[in-house]
Each structure stands twice: as structure tokens, then as C-alpha cells.
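> I'd like to ask you about the structure that follows.
The values are calculated or read from the model by the stated rules, or taken from the named source; none is laboratory data. This one's a predicted model, so the numbers in the text were calculated from it and none came from an experiment. Reconstructed Cβ throughout: ideal geometry from the backbone, glycine too, with neighbour counts over all protein chains shown.
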Amino acid sequence: MNAHTSRRVAVTGLGMVSPFGGDASDFFARMMRGESAVRWYRHPLTRSRLEQPAVFCPAFDPERAVGRQISSVTDRFSQLGVAAAFCAWDDAGLPRDLAACDAHGVSWGTGIGGTLTIEKGYTEVYELGKNRASPLSVAMAMNNAAASHIAISLGLGGACLSYSVACASSAVSIGEAFRRIQCGDASLVIAGGSEAPLASSVMRAWEAMRMVAECDERTAPRACRPFQAGRTGLVLAEGGAALVLEEWGHACERGARIYCELAGFGQSCDHKHLVRPDAAGQVRAVDAAMREAGLQASDVGYVNAHGAGTREGDAIEISALTAVFGEHAGELAVSSTKSMHGHALGAAGAIEALITVLALARGEIPPTANLEQVAVECEGVRHVMGAGLRHTNLRAALSNSFAFGGSNAVLAFRLAT
Amino acid sequence: MNTLELLREFVKKHADNPPENITLDSKLLEIGIDSLNLLELLFEAEEKFGIRFPNDLPQPETVGQLIEIFDKLQKAKTQA
């Protein structure tokens, strides 16, 4: 896509369900303080003891956030998604009763959709011996349920799309929304993702892959330590986040506040291995996003890294960044906010895009929490630690999302000019 | 619990603004029961009253029509 001939895309609204209970602004302030939302999570329903560090949203009240009519017929992943979308819509100054419009759409991401509903159905059939499942099982569990409820609630009559690209799902959903606006198919798209992965089968599965950070109840908040020497893994998280993306003229005409421009989207597939990332594939995605946004290495002031906290993944991402940024890599501020909000799988890209947008808009870069000694294999960039960076002259920033399956998605944002 | 009480409980649990008064003339859509949660209501009624709705159930529009279907099935069950 040629940046000079396509339509520009503005970010005009941000919304989320925060594990801290407040709004996106409060969430970002806590990220800047290096505050961890990771807690020790005891699964409430399993007979066998199931405990892990995790990020959850205890203050989230689905009925209050999305109404009883929706909350009573939806899986938690949809509830988190609709709530985040409503917040972004309000933040963009759009009235909830705006007339339905065919030029407005939804682009959503989720890795595992309504797993809690599926797990409940299996429990009833296999464990409790029931011979029937709830008639709402299909409508609650389907991966596009969140997107559809958002479209129905807000009268969005354009394309209603759902992407499932593992941990890059919502970076892809945002990037594909960007494409639809660029090419003229839509003037406004609400894009983001949601995930509710704290189902016992999902927690057990990640445990079995030996990818969950090691800790105990006391040390849980410090369990996720991306780029740290001796890091032990990731922390599962639930959550939802949304961005309102608008064609530039559309945003200006209605006098919308513009946070920044989404200027580039790079995608690639490693085509090497299902779960082992490859630096060359990541390099291609970062390069593509920067090229489309017209950014040189020296223009990019911050990268919100994928940085899940895994032994292999973190090192490979840094080697990709040093390859792309060359002599500028040592100056490039990099942090992984997953150290604080955990890994929300299909919602991770949207949460991190929201953080990247606020970092740009405020000139503040959040740190990688719990990072004290950078691992040798993760050296080569300017790791942001401690209290983060304030009063920066940030003009452009990237958000990386690298998924199982080898799918890479990179979003390039820049300040409005 | 009779069928009207079941319906009132259900509406209280599912509707954003459950109406004070539900009468036989109330339209299902107006009291917050659409085709999706009607499925769940039928499921609950089947569990509670041991009845079975046929797949080709006519789509009821009012509370009265729904209760008539409930009662007919319950009566058929008692007579069986």
C-alpha cells in the first residue's frame, strides 16, 4: 500500500477493561509507575488444585458494563470486548445512539473465543452426565460473538470481522481495520480484541508447555520478567481493549480529538516452526510497518515489544530489533508492558496498541517492570526500566505482536502532523 | 412455581429494564425476550416442568401465547 495515495487513518478513541478497575488513563498511569496487576490465581471450579500467577479483572461487573440483556447471553470474552468497545466509543465522543451506518465496521481479535462456555458445556455433558447442552452454547462460544454484539449495540453496518491469529489476533484486527479505511471500504472501524483464558483447560495447557512463569503466592506480582536474566515465562491474562480508527477527513469534520496516526502495518509469517519464533520473519514485519509509515530507524523512539517473558522469544525479538535498527538500536527505547498486564493472548495486541498510542500522545514511555539485570542475549537496545521515561520527544512508535504459528504483526503509530 | 412466575423470574434475570407488570397481553420483545433468550427460557421450562417443546414450535408474540403453549404441553404430559 502506498502511503501517499491511500487515505490516512486517525486514532480517535481508546477503551479497555483494566485489571485495576479504572479507565485507560488510570491504566497507563499505573504502567508508568511499573505497577503489576499479576496476582496469585486459584481456579475456583477445579477439583484438583490449580493455582498460577495470572491477571484478572475482579472489579469488572458485566451487567453494569454491558447491560443485562447482553451479559445474560454472552461468554466473558464477549463481555470484556463489548465493554472495551463501549469505552472507546464514548472516548471518541460518539453518541451511543448514533444512527446506524454502513460505512462503520468492527474488526476484532480473539485467540480462543468462548472457551469458558465450551468448558462449561463439556463439564455438564462429560462430568455431570447431562444429556443436553445449553441452547446458547453456540451463540456464546463462537469466535465472532464479541464483534457481532459490538456491531448490534452500536449500529455498525459495514464489515464485521473477527481474526484469530493466536497472540497477534488483535494487532491483526487493528491492522486490517486500517487497511479497510485506507482503501475506502469504511470511514470508521472499532478495532481491538478480547480474551478470557482463565479456564482450567487453558491454564493446564500452558502449564504443560512449561511456559508459565515460576513463582508462589508472595512473589506472583514479580513473576513476569521479560528480558531479565533467569526469566522463567509468561503470565496468562484476561482483558479487552479497543481503538476507534477513523479516516482522517471524517475525524476532522466531526471535530474529533486525534491521539495520533496509525501510519503503517507490517505482517509476515516466519514459515519455519509452529511455536519457535524466527528473527528473520519478525524483521520483515517490522521493516514493512516502518516502510509503509515512511519511518527511518532514527524516527522511531519507542517499541512496545511483544516480550512475553519466555526464554527464547524475548532474545529472538531483540535480535530482530537490532537487525532492523542497526546503529540506532542502542538508542531505541524498548519495553514489555506484559510484565505488568500479563499476556492476554488474542487481546494482547490491542492492549499494547492502546499503551503505545498513549505513550506517543503523552511523550511518556512505560518501563518493563521487574527488569533489574538484562540478560546477555537480550542486550543491544535501550531497555526502559524503573520509573520509565517522561518528557520524551517521542514522534513515532511501534507495537510488536508475534504469535504461535509464526504470524507477526507490527503497528506503526506517529504523532499527527 | 407456575409458568407465569417462571417467566417473571426469567425476565428479571435477563432484561435491562424489567417491567413492573407482566400481563398476558405483554409482547415478549417489549419485556426483553428475543428469539435468542427465548431458546434459553424454553430450555429452563423443559428442565423445570419435564416437558419437551417440539422443534417446529410456533413463534409466540405475547406472554399469553407462550403460556398457552406451556400449559398445553403440561396438560398433555399429565394426561400421558
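> Among the helices (runs of 4 or more DSSP H) confined wholly to region A:9-89, which include 2 or more residues that are more than 14 Å from chain B (Cβ to nearest Cβ) and farther than 30 Å from A:G249 by Cα? Give the derivation first.
Values: elements: A:24-32, A:62-66, A:68-71.
Fully inside region A:9-89 and qualifying: A:24-32.
> Please list, ordered by first then second residue, the pairs with beta carbon atoms under 7 Å, 6 or more apart or interchain, first in region B:40-56 and away from every other protein chain (no Cβ under 11 Å) and more than 22 Å from A:Q69 (Cβ to Cβ), second of a type in the set (D, E, K, R) and assigned to a loop (DSSP other than H, G, I, E, B).
No pair meets every condition.
> Among the residues of region A:302-361 satisfying the criterion of being more than 21 Å from A:C224 (Cα to Cα) and either in contact with a Lys or Arg (Cβ under 8 Å, 6 or more places away or on another chain) or of a type in the set (D, E) (or both), which is surrounded by the fewest Cβ atoms within 10 Å (Cβ to Cβ)?
That would be A:E327.
> Scan region A:71-109 residue by residue and report those that are in contact (Cβ under 8 Å) with a residue 60 or more places away in the chain, surrounded by fewer than 22 Cβ atoms within 10 Å (Cβ to Cβ) and closer than 16 Å to B:H14 by Cα.
Of everything in region A:71-109, just one residue is in contact (Cβ under 8 Å) with a residue 60 or more places away in the chain, surrounded by fewer than 22 Cβ atoms within 10 Å (Cβ to Cβ) and closer than 16 Å to B:H14 by Cα, namely A:V73.
Per-residue answers, yes or no, for (1) surrounded by 14 or more Cβ atoms within 10 Å (Cβ to Cβ); (2) in contact with a Cys (Cβ under 7 Å, 6 or more places away or on another chain); (3) modelled with pLDDT of 90 or more:
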site: B:I31; (1), (2), (3): yes, no, yes
site: B:T62; (1), (2), (3): yes, no, yes
site: B:F70; (1), (2), (3): yes, no, no
site: B:A76; (1), (2), (3): no, no, no
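> Could you check, for region A:225-240, whether at least one of its residues is polar (S, T, N, Q), surrounded by 19 or more Cβ atoms within 10 Å (Cβ to Cβ) and either closer than 21 Å to A:G313 by Cα or touching a residue at least 60 places away in the same chain (Cβ under 8 Å) (or both)? Before the answer, list the steps.
From region A:225-240, those polar (S, T, N, Q) are A:228, A:232; that's our starting set.
Those still in the list that are surrounded by 19 or more Cβ atoms within 10 Å (Cβ to Cβ) too: A:228.
If we keep only those that are either closer than 21 Å to A:G313 by Cα or touching a residue at least 60 places away in the same chain (Cβ under 8 Å) (or both) too, we end up with A:228.
There is at least one residue in region A:225-240 that is polar (S, T, N, Q), surrounded by 19 or more Cβ atoms within 10 Å (Cβ to Cβ) and either closer than 21 Å to A:G313 by Cα or touching a residue at least 60 places away in the same chain (Cβ under 8 Å) (or both).
> If I filter region A:128-136 for residues that are outside the structural domain of A:G346 (by TED's automatic domain parsing), in contact (Cβ under 8 Å) with a residue 24 or more places away in the chain, of a type in the set (A, V, I, L, M, F, W, C) and out of contact with any Cys (no Cβ under 7 Å at 6 or more places or on another chain), do I get at least one hit? Reasoning before the result, please.
Of the residues in region A:128-136, the ones outside the structural domain of A:G346 (by TED's automatic domain parsing) are A:128-136.
Within this subset, residues satisfying the condition of being in contact (Cβ under 8 Å) with a residue 24 or more places away in the chain are A:136.
Subsequent filtering for residues that are of a type in the set (A, V, I, L, M, F, W, C) retains A:136.
The next check asks that each one be out of contact with any Cys (no Cβ under 7 Å at 6 or more places or on another chain); those that pass are A:136.
Scanning region A:128-136 turns up at least one residue that is outside the structural domain of A:G346 (by TED's automatic domain parsing), in contact (Cβ under 8 Å) with a residue 24 or more places away in the chain, of a type in the set (A, V, I, L, M, F, W, C) and out of contact with any Cys (no Cβ under 7 Å at 6 or more places or on another chain).
> Within region B:57-73, can you find the residues that are under 10 Å from the mean Cα position of the chain (by Cα) and either within 14 Å of chain A (Cβ to nearest Cβ) or not in a helix (DSSP H, G or I) (or both)?
Matches in region B:57-73: B:P60, B:T62.
> Another question, then. For region A:309-344, which residues satisfy the criterion of being in a loop (DSSP other than H, G, I, E, B) and farther than 24 Å from A:R390 by Cα?
Within region A:309-344, A:G309, A:T310, A:A344 meet the criteria.
> Restrict the check to region A:164-172 and report whether at least one residue is under 24 Å from the mean Cα position of the chain (by Cα) and over 28 Å from A:P277 (Cβ atoms).
So in region A:164-172, the residues under 24 Å from the mean Cα position of the chain (by Cα) come out as A:164-172.
Applying the additional criterion that residues be over 28 Å from A:P277 (Cβ atoms) yields none.
Scanning region A:164-172 turns up no residue that is under 24 Å from the mean Cα position of the chain (by Cα) and over 28 Å from A:P277 (Cβ atoms).
> Within the group A:R132, A:R204, which residue is modelled with pLDDT under 95 and surrounded by fewer than 18 Cβ atoms within 10 Å (Cβ to Cβ)? Steps first, answer last, please.
On the way: A:R204 fails: modelled with pLDDT under 95.
That would be A:R132, the only listed residue that is modelled with pLDDT under 95 and surrounded by fewer than 18 Cβ atoms within 10 Å (Cβ to Cβ).
> Using the structure shown, decide if B:I22 is within 12 Å of chain A (Cβ to nearest Cβ), surrounded by 15 or more Cβ atoms within 10 Å (Cβ to Cβ) and not in a helix (DSSP H, G or I).
Numbers: within 12 Å of chain A (Cβ to nearest Cβ): no; surrounded by 15 or more Cβ atoms within 10 Å (Cβ to Cβ): yes; not in a helix (DSSP H, G or I): yes.
Considered against the rule, which asks whether it is within 12 Å of chain A (Cβ to nearest Cβ), surrounded by 15 or more Cβ atoms within 10 Å (Cβ to Cβ) and not in a helix (DSSP H, G or I), B:I22 comes out as no.
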